[in-house]
Amino acid sequence: MEFAIYILLGITSVVGLTFIVERGLALRWSRVLPPEIEAAVESCETRDQVNLLRGVCRKHSSPLARLLMQAADRMEWPQEENVDALQTRARHEIVRLERGLVVLEIIVGIAPLLGLVGTILGMMTAFGDVGQAAQIDAAKLAQGISLILRATLVGLLIAIPSLIAWSYYSKKVEMLAVEMETLCDEFLRRQYREQPVARHAPVGVAPAIPSAS
C-alpha cells in the first residue's frame, strides 16, 4: 500500500511539472500579445486601415488576434452589440488561457494529503510490528519512522512548486486579460469615433420658432 502511495506521488509530480512547463510556454507575453499586433492597433486610426490590421492578425495567430479579427469583422454592427459580442468571445479566450491551472490547483491540495496518507499507513505498519515483537529495537523503530515521514516530505515538495506556479500564472492571466481589454477598447473607440452621430429633436416636440423682434 505504501508503494502505491509513492507511485501516486510520482505520477502527481510528473503531471504537475508537465502543466507548469506547458503553461509557461503558452502564457508567454509575446505569444498572447504579439508586439506586431500591438503596433498595428496603435497605427490603425481609420476604417481604411482595418484591412492592414486583419493581415497582421492572420500572420500572428493569438488570443488578441482572434478578438481583434472578430471586432473588425463586425464593424457594421452597432457599437454596443459589437462590444457585447467581443466580451463574450473574450471570456472564451480567458478560459483557454486558464486551461491547466485547475490541475495545478488540485495538485496543491492532494499532494500533501497523499503524503500524509503514506505516513499514516507506514506508522500503522511500524507500530504494528512493534506490538508483535517481544523486544523494542529503538534504533530500528527510529529508522522506520524516518522512512515513513519521507512521504509527507515528498508531498510537500510537490505541492509547493505547484502552488507557486498556480499563483504566478493566475496573476499573469489576469494581467493579460486587462491588456487585451485595453487594446480592444482602444481599437473600437477609434473606429466608431469616425461615425457621425445624428442628433434629432425629441419625438412629439416641434422645433422652436424664433420670435420676431
Review point. Which numbered condition trips up residue 107, out of (1) farther than 30 Å from residue 153 by Cβ; (2) buried (at least 19 other Cβ atoms within 10 Å of the Cβ); (3) within 26 Å of the chain's Cα centre (by Cα)?
Key: (1)
Check your understanding: Which of the residues that make up segment 64-93 are within 22 Å of residue 174 (Cβ to Cβ) and either hydrophobic (A, V, I, L, M, F, W, C) or open to solvent by 100 Å² or more (accessible area, probe 1.4 Å) (or both)?
Key -> 64, 65, 67, 68, 71, 83, 86, 90, 91, 92
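Would a scan of segment 91-104 turn up a residue that is among the small types (Gly, Ala, Ser) and either closer than 30 Å to residue 190 by Cα or assigned to a helix (DSSP H, G or I) (or both)? Explain how you work it out, then say what you get.
Step one: of segment 91-104, the residues among the small types (Gly, Ala, Ser) are 100.
Add one more test, that the residue is either closer than 30 Å to residue 190 by Cα or assigned to a helix (DSSP H, G or I) (or both), and what stays is none.
No; the residues of segment 91-104 include none that is among the small types (Gly, Ala, Ser) and either closer than 30 Å to residue 190 by Cα or assigned to a helix (DSSP H, G or I) (or both).
Give 194, 186, 181 a once-over and let me know the one that is within 44 Å of the chain's Cα centre (by Cα), open to solvent by 70 Å² or more (accessible area, probe 1.4 Å), modelled with pLDDT of 90 or more and under 30 Å from residue 45 (Cβ atoms). Break it down stepwise before answering.
Numbers: 194 fails: modelled with pLDDT of 90 or more; 186 fails: open to solvent by 70 Å² or more (accessible area, probe 1.4 Å).
Exactly one of 194, 186, 181 is within 44 Å of the chain's Cα centre (by Cα), open to solvent by 70 Å² or more (accessible area, probe 1.4 Å), modelled with pLDDT of 90 or more and under 30 Å from residue 45 (Cβ atoms), namely 181.
The values are calculated or read from the model by the stated rules, or taken from the named source; none is laboratory data. Please read these numbers as outputs of a predicted model, since none were measured by experiment. Glycine gets a Cβ as well: all are built from the backbone with ideal geometry, and neighbour counts include every protein chain shown. Just so you know, the surface numbers come from the protein's heavy atoms only, side chains and all, with ligands and any DNA or RNA stripped out. Shrake-Rupley method; radii C 1.70, N 1.55, O 1.52, S 1.80 Å.
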